[in-house]
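What follows is one structure encoded as structure tokens, with my remarks underneath.
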Amino acid sequence: MERVLFLNGTIAEDSWFDDDVTPQLFKDELFSGNGDVTVWINSPGGDCVAAAQIYNMLMDYKGNITVKIDGIAASAASVIAMAGTKVLMSPVSMLMIHNPMTIAFGNSTEMQKAISMLDEVKESIINAYEIKTGLSRTKLSHLMDSETWMDANKAVELGFADDVIKRIDIAEDLEIPQVSMLFSKAAVTNSLMDKLAVHCKIPPKPVEETQKIKADTLVDRLNLIKNWR
């Protein structure tokens, strides 16, 4: 009998109030039985080391792992999703990938160490994406640099997911156009700025000869403005 597990919330090494997903908690659930497993994911991500541990558990599990993303699989959670034998996404779910982040303190030597560490972490994350998608490391690196958000269809198109979850009672002959969407944080920001620039720009109105302001009228208006100061 297939078992169902839920990975909801932030991924962390330790949980103070049992409201985070930790490797130990997930391990206890995963290996409490055997057979095929479905893992529902709705997580904004969290600790990349903890996520790596959970990813390895799923990759090492003897049964088939079906990952179903019903809300969001972002950051570290997207890495865990790549361990699925099959990855399915709800049509209203999202998957996000980006570069790893950390907090560093110290002198320039310590900063360089932090940068080197982040570079290595990024390479390890790309390993998981590459195995699942078959995309080049350069392509994956660029997607991470741009903090890329994918809807279900785009995730399937790029290989991060295998299919979109569909309702069983949808008629087979009902054709629904599939539109895939990919969102880059930088691209969205630039697009918004362009739209604002267009809306804020006031085009000059054409003025006919008969509508031009006479010199005397212009002087009167200027004096009126001056008196109001």
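Determine if region 12-19 includes at least one residue that is closer than 22 Å to A161 by Cβ, buried (at least 16 other Cβ atoms within 10 Å of the Cβ) and either in contact with an Asp or Glu (Cβ under 9 Å, 6 or more places away or on another chain) or not basic (K, R) (or both).
No.
Checking E2 against (1) within 21 Å of S184 (Cα to Cα); (2) surrounded by fewer than 18 Cβ atoms within 10 Å (Cβ to Cβ), which single condition isn't satisfied?
(1)
The conditions are (1) out of contact with any helix residue (DSSP H, G or I) (no Cβ under 8 Å at 6 or more places or on another chain); (2) closer than 24 Å to N153 by Cα; (3) surrounded by fewer than 24 Cβ atoms within 10 Å (Cβ to Cβ), and G106 fails exactly one of them. Which is it?
The one condition G106 does not meet is (2).
For G106, state whether it is touching an Asp or Glu at 6+ places or on another chain (Cβ under 9 Å) and outside any strand (DSSP E or B).
no
In this structure, is L140 in contact (Cβ under 8 Å) with a residue 12 or more places away in the chain, over 30 Å from K166 (Cβ atoms) and either in a loop (DSSP other than H, G, I, E, B) or of a type in the set (A, V, I, L, M) (or both)? Talk me through it step by step, then tell me what you get.
On the way: in contact (Cβ under 8 Å) with a residue 12 or more places away in the chain: yes; over 30 Å from K166 (Cβ atoms): no; either in a loop (DSSP other than H, G, I, E, B) or of a type in the set (A, V, I, L, M) (or both): yes.
Considered against the rule, which asks whether it is in contact (Cβ under 8 Å) with a residue 12 or more places away in the chain, over 30 Å from K166 (Cβ atoms) and either in a loop (DSSP other than H, G, I, E, B) or of a type in the set (A, V, I, L, M) (or both), L140 comes out as no.
State all residues of region 145-167 that are crowded, with 23+ Cβ neighbours inside 10 Å and assigned to a loop (DSSP other than H, G, I, E, B); if no residue qualifies, say none.
Correct list: F160, A161.
Quick one: in region 46-57, which of the residues that are surrounded by fewer than 22 Cβ atoms within 10 Å (Cβ to Cβ) and touching a strand residue (DSSP E or B) at 6+ places or on another chain (Cβ under 9 Å) is nearest to L118 (Cα to Cα)?
Step by step, filter region 46-57, then rank; the result is C48.
Do we find that V67 is in contact with a strand residue (DSSP E or B) (Cβ under 7 Å, 6 or more places away or on another chain) and closer than 22 Å to I125 by Cβ in this structure?
Values: in contact with a strand residue (DSSP E or B) (Cβ under 7 Å, 6 or more places away or on another chain): yes; closer than 22 Å to I125 by Cβ: yes.
Judged against the criteria, V67 is a match.
The numbers here are math on the coordinates, done by the rules we state, and not lab data. Keep in mind it's a predicted model, so treat the numbers as computed, not measured. In this analysis, Cβ positions are derived from the backbone assuming ideal geometry, glycine residues included, and neighbour counts consider all displayed protein chains.
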